[in-house]
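**Student:** The structure's right below; bear with me while I get my questions together.
The values are calculated or read from the model by the stated rules, or taken from the named source; none is laboratory data. Not measured: the values here are computed from a predicted model. In this analysis, Cβ positions are derived from the backbone assuming ideal geometry, glycine residues included, and neighbour counts consider all displayed protein chains.
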């Protein structure tokens, strides 16, 4: 029963995370905590193990979706590596802070962060891009399949600083960070949406490598659960990357935003009252 459940969680996390560049941790962490610490269907789940398992699974999600997006040429590798200069150290710092969170404190902080993510998803299509970065020192160009040419860019220091914050959240909560980084890339740095998602998944993959290494060192990874989650996450990520090229993801974003609010409210309630 629990192995089928874990396989399904991995599939859902990979598909949703890859489709809109989230990384999948927003699915893995709360479901592991719900079925583990709340329902006790999965043994040995704590905030630390949930985050550690999630980050290792995101290695598979990030790699699978990055390879898929590389085939469609929607990954800006140079920008992704520059962002990783910030997100990598941020992921290690977040993993270190995670060790000091109790179950109640984690639920409270995680719930607030889920509601913040839902707000980001709400406004990401309603905020006009910041044009002042268009002539920034780090300039990039992209031509899509229809021949439309995009120019975008960002100051390297600003990009690295933003990525550090995203990486910190990734290591702390095991959520991947793409849900924050994608809107930043689109709104602040004028990335084409498909390039933002593809580049985000590259950053998620690289950050997950460092963040998971820290959690492995802290003993927070159950490898049997990883083995059950990883196959679903791998194939789910490929499915999500394929759907990204075929579908308008607005409907999924709306559904995900509602789910995040519900998860956030429940997590806050559990953090405050322990139920």
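**Student:** Just to verify a result, which residue in the stretch 71-84, among those that are surrounded by fewer than 16 Cβ atoms within 10 Å (Cβ to Cβ) and within 18 Å of the chain's Cα centre (by Cα), is farthest from residue 143 (Cα to Cα)?
**Tutor:** Once the filter is applied, the top-ranked residue is 81.
**Student:** Now a separate question. Which one of 159, 176, 171 is assigned to a helix (DSSP H, G or I) and either over 14 Å from the mean Cα position of the chain (by Cα) or modelled with pLDDT under 90 (or both)?
**Tutor:** Matching residue, one of 159, 176, 171: 159.
**Student:** Further question on the same structure: One residue is enough: does the stretch 187-197 have a residue meeting the conditions within 29 Å of residue 5 (Cβ to Cβ), touching a residue at least 40 places away in the same chain (Cβ under 8 Å) and not in a loop (DSSP other than H, G, I, E, B)?
**Tutor:** Yes, the stretch 187-197 has at least one match.
**Student:** If I filter the stretch 208-220 for residues that are on the phi < 0 side of the Ramachandran plot and at pLDDT below 85, do I get at least one hit?
**Tutor:** no
**Student:** A further question on this structure: What is the number of the single condition among (1) farther than 23 Å from residue 172 by Cβ; (2) in contact with a helix residue (DSSP H, G or I) (Cβ under 8 Å, 6 or more places away or on another chain); (3) in contact (Cβ under 8 Å) with a residue 40 or more places away in the chain; (4) not in a loop (DSSP other than H, G, I, E, B) that residue 78 does not meet?
**Tutor:** (2)
**Student:** So which residues in the stretch 171-197 are buried (at least 24 other Cβ atoms within 10 Å of the Cβ) and on the phi > 0 side of the Ramachandran plot, if there are any at all?
**Tutor:** 174, 176, 177
**Student:** Among what's in the stretch 1-11 and is part of a helix (DSSP H, G or I) and either at pLDDT below 90 or touching a strand residue (DSSP E or B) at 6+ places or on another chain (Cβ under 7 Å) (or both), pick the residue that is farthest from residue 61 (Cα to Cα).
**Tutor:** Only one residue tops the list, namely 2.
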